[in-house]
Amino acid sequence: MKKALTIAMALLLASSALFATGAKEQPAAAAAPATDQSGIPAHKSDLIIGSAADINNLDLQKQQDQINNIVLKTTHQTLVRFTNEGTFVPELATSWEYKDDTHLVFHLDPRAKFNDGTPLTAEDVKFTYDMAMNSYVSSALAGLVSTTVVDEHTVELEIEKYNNEFIASIASVPLSIQSKHAYESGVKDPYYVGSGPYMFDEWVQGEYCRVKKNPNYWRDDPGVSDTITFRPIIEDSSRVIALQNGEIDVCVNPPINELSFLQDDKNITVFERAGSRLFYFAFNVSKAPWDNQKLRQAVACAIDRDSVLQVAVDGKGTPQTTILNRGLWGFYDEMPGFPYDVERAKKLMAEAGYPNGGIKTTLLIANSSPYTNIAQVVQANLKVIGIDVEIQMVDDATLKSTCKAGTQDLYLWRWNEDSKVDFVYRDLFYTGSGSNYHHYSNKRADELTDLVATEKDQDKRMQDGIELQKLLVEECPQVPLYIANLVIAYNKNLKGERLFGGGNHDWSHAYIAK
């Protein structure tokens with residue numbers, strides 16, 4: 001007989017988090033008083049978000065950049081949604097349950113429809129997931145065998161084996177449900193057809209992307225702002241000035257050295273909380289001399305994390321010793337790691353076969369802050385132990401392509417994940433992963449990664465996760481540096497924002513109250 005699991009138990013196993021499949025998440029700030037029978041509060045017509053990165057692709061399954069996903073959160077929806085409280089709640093699905101370890105059934109909200117007015121059904125879910133399995137974001141559905149339409153509002157997913165984090169996977173923005181009808185009708189840019197409270201309006205790359213309220217929105221939590229405009233302002237100081245002048249309502253990632261000016265402005269709120277984005281220094285372990293573990297450990301001991309944290313974010317963060325993002329399930333906060341110790345670094349250099357140093361190498365970095373500041377500290381630190389570092393600055397896209405090709409020596413990068421540990425272990429360290437820029441391979445690490453994903457006994461799973469973190473820190477394909485705090489500045493009348501520690505903010509219900 002098939003063992004039926006309650007939704008609560010299934011989701012507890014799926015992500016070791018609390019799930020509320022019947023409750024609605026409330027926005028972070030209280031709503032302003034309603035001014036008409038619709039209950040919509042008085043508000044500024046356009047909410048303008050000043051971003052630190054340019055939008056580059058709005059085709060959901062052909063991208064995975066944070067800024068794109070932030071825009072797409074306003075226009076599209078997934079079966080379940082990850083909240084800023086760290087739980088999962090229904091979005092397009094009203095409920096779900098495991099029939100057994102490898103079959104998961106979702107029940108769709110019969111009210112759901114796309115912004116063109118057509119119903120959203122199980123056929124659209126199957127269409128979306130079938131398309132995703134052959135797309136750029138296929139790794140998000142790793143383990144999915146098939147998607148079967150049971151009836152108009154019921155879909156069954158078969159997975160290869162039980163996975164603790166499969167629910168977390170399908171909450172990924174690129175797996176938002178798309179319209180089969182839109183693709184088959186031949187409409188231009190069918191990926192713009194979503195079911196969210198907003199719909200695409202206009203995009204001028206490098207200048208702005210604007211979404212407008214969806215007149216066919218189906219839930220009882222519509223957006224408030226008439227339009228939301230995402231305006232990339234790459235230069236930090238210009239973004240601050242735009243906020244102070246009222247040209248934008250939100251300044252994402254304000255420069256730390258200008259926070260005092262913003263804090264003195266009575267019309268602006270500066271918000272800060274613990275973050276989840278990990279900044280790290282890394283090796284291409286497939287390339288000599290960085291295939292030498294003792295040498296990598298020596299470098300780890302030579303880097304002064306406190307100085308890095310200070311120059312990068314003026315101390316607004318937490319030094320890091322393990323490779324997992326803080327706040328994720330299984331985070332091991334007792335990791336000794338390789339603390340700053342120059343004498344130990346020199347001893348390890350000798351054990352590695354370089355008692356007198358004499359190494360010349362290159363450090364690849366993105367040509368923006370905080371990497372430029374971090375690189376100078378690292379360069380000075382490594383010079384002390386006889387490693388001469390040449391800094392090479394490139395744009396983000398070039399850094400990614402170079403690292404993927406494996407032609408780099410050393411590099412600086414970041415990784416943000418706030419819901420799924422497998423997106424850290426498997427993406428960054430698993431043999432053959434496209435995001436494994438370390439080009440690292442370890443059979444035991446792969447085995448532990450699989451165990452953390454599939455082990456039902458949560459105590460055993462926790463021990464496997466700790467062992468995996470210890471192994472990866474000891475192997476040292478990367479040197480974790482720090483977790484940056486979330487710092488964001490905005491118009492003091494901002495309401496309805498949903499802020500995430502790693503920056504994956506949800507603006508779909510935000511507005512400026514009058």
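The values are calculated or read from the model by the stated rules, or taken from the named source; none is laboratory data. If you're wondering where the values come from, they're calculated on a predicted model, not measured in any experiment. Don't worry about glycine lacking a Cβ; one is built from the backbone with ideal geometry, like all the others, and counts go over all protein chains shown. Remember, those area values only see protein heavy atoms, side chains included, never the ligands or the DNA or RNA. Shrake-Rupley method; radii C 1.70, N 1.55, O 1.52, S 1.80 Å.
Considering the conditions (1) outside any loop (DSSP other than H, G, I, E, B); (2) over 21 Å from E497 (Cα atoms); (3) of a type in the set (S, T, Y), Y162 is excluded by exactly one of them, (1). Taking D236 as the residue in question, decide whether it is over 28 Å from the mean Cα position of the chain (by Cα) and on the phi < 0 side of the Ramachandran plot. Here the answer is no, as D236 does not meet what is asked. Among the residues of region 268-291, just one is in contact with a strand residue (DSSP E or B) (Cβ under 8 Å, 6 or more places away or on another chain), surrounded by fewer than 22 Cβ atoms within 10 Å (Cβ to Cβ) and not in a strand (DSSP E or B), namely P289. L324 meets all of the listed conditions (1) open to solvent by less than 10 Å² (accessible area, probe 1.4 Å); (2) part of a strand (DSSP E or B) but one, namely (2). For region 470-514, taking the residues that are in a loop (DSSP other than H, G, I, E, B) and of a type in the set (D, E, K, R), the one that is surrounded by the most Cβ atoms within 10 Å (Cβ to Cβ) is identified as E497. Could you go through region 382-392 and let me know if any residue there is open to solvent by less than 50 Å² (accessible area, probe 1.4 Å), in a loop (DSSP other than H, G, I, E, B) and at positive phi. Yes; the residues of region 382-392 include at least one that is open to solvent by less than 50 Å² (accessible area, probe 1.4 Å), in a loop (DSSP other than H, G, I, E, B) and at positive phi. For L471, the conditions (1) farther than 25 Å from D236 by Cα; (2) in contact with a strand residue (DSSP E or B) (Cβ under 6 Å, 6 or more places away or on another chain); (3) of a type outside the set (D, E, K, R) are fulfilled apart from (2).
Applying the condition of being buried (at least 17 other Cβ atoms within 10 Å of the Cβ) and small (G, A, S) to region 413-465 and asking which residue is farthest from F82 (Cα to Cα) yields A445. Pairing residues of region 390-406 that are of a type in the set (V, I, T) with residues that are in a helix (DSSP H, G or I), at Cβ distances under 9 Å and at least 6 apart in sequence or on separate chains, gives I391/T372; I391/A375; I391/Q376; I391/V378; I391/Q379; V394/T402. Scanning region 134-147 for residues that are outside any helix (DSSP H, G or I) and modelled with pLDDT under 95 turns up N134, S135, Y136, V137, A142, G143.
Just a yes or no: is a residue in region 292-315 open to solvent by 60 Å² or more (accessible area, probe 1.4 Å), in a loop (DSSP other than H, G, I, E, B) and of a type in the set (A, V, I, L, M, F, W, C)? Looking for residues that are open to solvent by 60 Å² or more (accessible area, probe 1.4 Å), in a loop (DSSP other than H, G, I, E, B) and of a type in the set (A, V, I, L, M, F, W, C), one finds none in region 292-315, hence no. Of the residues making up region 164-189, those that are at pLDDT below 95, touching a helix residue (DSSP H, G or I) at 6+ places or on another chain (Cβ under 9 Å) and not β-branched (V, I, T) are N164, E165, F166, A168, S169, S172.
Could you list all residues from region 357-412 that are of a type in the set (S, T, N, Q), touching a helix residue (DSSP H, G or I) at 6+ places or on another chain (Cβ under 6 Å) and within 13 Å of Y437 (Cβ to Cβ)? Hit for region 357-412 is Q408, nothing else. Could you please find all residues in region 393-425 being outside any helix (DSSP H, G or I) and of a type in the set (G, A, S)? Of everything in region 393-425, those that are outside any helix (DSSP H, G or I) and of a type in the set (G, A, S) turn out to be G406, S419.
Within region 393-412, track down each residue that is surrounded by fewer than 15 Cβ atoms within 10 Å (Cβ to Cβ) and more than 21 Å from the chain's Cα centre (by Cα). Result: A405, G406, T407. In this structure, T318 does not qualify as in contact (Cβ under 8 Å) with a residue 12 or more places away in the chain and part of a loop (DSSP other than H, G, I, E, B). Out of V193, V224, one residue alone is in contact (Cβ under 8 Å) with a residue 24 or more places away in the chain and closer than 22 Å to I48 by Cβ. It is V224.
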